[in-house]
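Reading through the structure tokens given below for one structure.
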């Protein structure tokens with residue numbers, strides 16, 4: 001036993017060179033993933049410098065002239081900027097407020113009717129939409145909400161209400177975006193909470209029963225505290241994603257009528273950068289977006305640490 | 001003994017819900033869940049019913065939850081459209097090759113990083129984790145891909161998003177917690193090299209997590225639309241999702257409707273085809289779904305242990 005401990009200590013004391021010599025096969029294996037990360041994650045990070053340069057393909061990244069903060073200033077003084085920032089923030093906050101509690105409620109509801117076939121059926125049913133691609137989801141939304149042949153307007157018509165042009169009116173965009181997201185993601189996001197509810201300490205449940213707590217009281221006293229660490233982590237992660245509101249779905253749902261409300265920073269970056277070839281400007285806007293995002297994530301994590309709760313790192 | 005404890009358990013369960021507030025709560029929960037089930041099912045049934053209906057019935061808005069004038073015209077159009085079939089097979093190729101590449105990379109990263117005795121482990125983990133929180137953004141990534149001459153190539157769909165760092169962490173955690181290092185130590189005394197150990201021990205013992213990875217990556221690749229939008233201009237290389245976008249969202253289906261267009265009103269058929277296309281494109285994943293879901297749940301729970 002002692003010998004083994006010694007041996008381990010010896011392996012720890014290997015120098016870096018010896019470590020490579022001894023485990024070269026492991027280093028060789030790691031080579032491919034590291035190469036991938038460097039090429040497709042770190043090289044683009046280096047490419048961010050073009051936000052401070054007047055990039056032209058002819059001169060390349062290194063050869064292009066420095067312009068300092070020109071593109072940032074151009075963005076901040078742009079009349080579009082306020083609208084873009086507002087659109088991005090409103091849609092992501094709306095999404096956070098609605099789609100964050102939804103899976104918790106679903107998990108608790110399934111927990112209450114515990115242990116029967118209906119629960120299993122509901123679980124399978126609710127996370128099936130997760131597997132649908134964004135394109136198909138948007139297709140389904142367009143078909144169901146279609147002015148003339150969609151089922152929603154069909155039902156409205158049948159009940160004697162007038163038909164609504166959901167996709168033609170900009171004011172409906174945010175609601176459709178957020179609630180179709182709830183439709184698709186709630187079941188999937190609930191899995192983690194359902195798993196946690198399955199691990200609630202049985203003795204706490206029995207104790208609360210002996211004390212005569214009713215079901216709702218038990219949820220407040222036993223189940224919700226058990227979920228607290230996971231809720232905190234999920235909330236921090238969601239806040240860290242606020243500025244990263246899904247490009248794909250917004251882009252697909254955009255049309256000329258809802259553009260004043262549906263244009264967000266990421267779709268703007270895509271259009272200005274790749275369609276209008278304003279690489280440097282678009283990169284500057286994208287960088288601004290990531291920085292805000294990072295600050296939000298960092299702040300959320302700090303706040304959580306302060307309250308003595310779980311933290312990401 | 002077993003039976004009595006079970007009946008006792010049942011008794012307490014019945015007792016649980018005998019108070020009035022509990023009953024109200026339970027009733028509310030049942031109503032909520034039933035409403036959720038209806039909301040999830042109605043759009044799906046509507047699409048299915050429409051896809052099996054007659055084109056003119058669909059365009060007249062007559063279809064609700066049951067096919068009107070049953071017909072397979074929508075599916076016929078899809079089968080006769082070379083673009084859609086091409087897209088379907090392109091997607092299959094991207095999914096198969098992409099999944100193989102991605103799972104291999106994730107294994108190659110996950111195993112060495114699970115080795116607590118490896119010197120370089122911590123710096124590499126740090127290098128990987130940073131990318132989860134910070135990225136270069138769309139434009140710089142596009143420029144790297146274009147510098148590598150990958151635009152409009154098959155590999156543009158495979159390489160830029162080949163490895164998910166979160167999946168590497170899942171893999172690493174699984175191997176670390178389920179295969180003790182002592183096994184390797186004794187194997188290496190018997191002269192087993194790192195590589196042999198990886199092939200003969202680690203991979204067979206990691207089958208459950210590899211299954212999860214295959215499913216995660218395959219569904220991601222099949223549904224990937226973003227890479228194609230960014231990196232592919234050549235329509236012959238388009239995956240199904242990009243073609244779907246053109247047909248479903250931007251309503252551009254030029255060259256899709258073939259021979260049948262003479263027989264029926266073109267517009268009606270185009271509308272019908274949208275419904276059938278939603279069904280056809282979701283079919284592969286939905287057919288796998290009953291098999292997938294067990295593993296998927298496991299995978300997410302493995303992630304939640306760490307997260």
Rounded Å value of the spacing that divides the Cα centres of the range B:16-62 and the range B:120-142: 43
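Would you please put A:55-67, A:135-147, A:169-181 in order of how densely packed they are, using the mean number of other Cβ atoms within 10 angstrom per residue and starting with the highest?
A:135-147, A:169-181, A:55-67
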What's the percent breakdown of Cα-Cα distances in chain B across 10 Å bins, shortest bin first? 5, 18, 22, 21, 17, 12, 4, 0
Reduced to Cα centres, the span from the range A:93-121 to the range A:160-222 in Å works out to 4
Could you tell me whether the range B:82-254 comes out rounded, prolate or oblate from its Cα gyration tensor? Rule is a ≥ b ≥ c as square roots of the eigenvalues, rounded for a/c under 1.5, then prolate if a/b exceeds b/c, otherwise oblate. prolate
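What does the convex hull of the Cα atoms of the range A:110-230 come to per residue, in Å³, rounded to a whole number? Write out the running numbers ahead of the final one.
Values: hull volume 20.0 nm³, N = 121.
Convex hull volume per residue, Cα atoms: 165 Å³.
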Stretched fully, the stretch from residue A:224 through residue A:199 gains (0.36 nm per residue minus C-alpha distance, one decimal, in nm) 7.8 nm
Taking only C-alpha pairs under 8 Å that are 6+ residues apart, what is the relative contact order of chain B in percent? 29
Sorted from largest to smallest, which semi-axis lengths in Å does the alpha carbon gyration tensor of the protein assembly as shown give for its equivalent ellipsoid, taking the root of 5 times each eigenvalue? 40, 37, 26
From the square roots a ≥ b ≥ c of the eigenvalues of the alpha-carbon gyration tensor of the range B:58-153, which class results: rounded (a/c under 1.5), prolate (a/b over b/c), or oblate? prolate
Here the whole-number average of other chain Cβ atoms within 10 Å per Cβ of A:140-153 is 5
Count, for each residue of B:54-61, the Cβ atoms from other chains sitting within 10 Å of its Cβ, then give me the mean as a whole number. 2
With the range A:56-102 reduced to its Cα atoms and the Debye formula applied, log10 I(q)/I(0) at q = 0.21, 0.24, 0.27 1/Å amounts to -0.78, -0.85, -0.92
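How would the range A:79-306 be classified by its alpha-carbon gyration tensor: rounded, prolate or oblate, with rounded meaning a/c under 1.5 and the a/b versus b/c comparison settling the rest?
Cα axes put the range A:79-306 in the oblate bin.
Mind ordering B:241-248, B:205-212, B:148-155 by average Cβ neighbours within 10 Å, highest first?
Taking the mean over residues of other Cβ atoms within 10 Å, the ranking is B:241-248, B:205-212, B:148-155.
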Averaged across the residues of B:159-166, what count of C-beta atoms belonging to other chains lies within 10 Å of each residue's C-beta? 3
In the range A:55-78, whose amide N lies under 12 Å from the spot 7 Å out along Cα-to-Cβ of residue A:39? List them in ranges. none
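Read-outs: derived from the displayed coordinates by stated rules, not from any lab. The model shown is predicted, which means the values in this text are computed figures rather than measured ones. Note: ideal-geometry Cβ built from the backbone for every residue, glycine included; neighbour counts use all protein chains shown.
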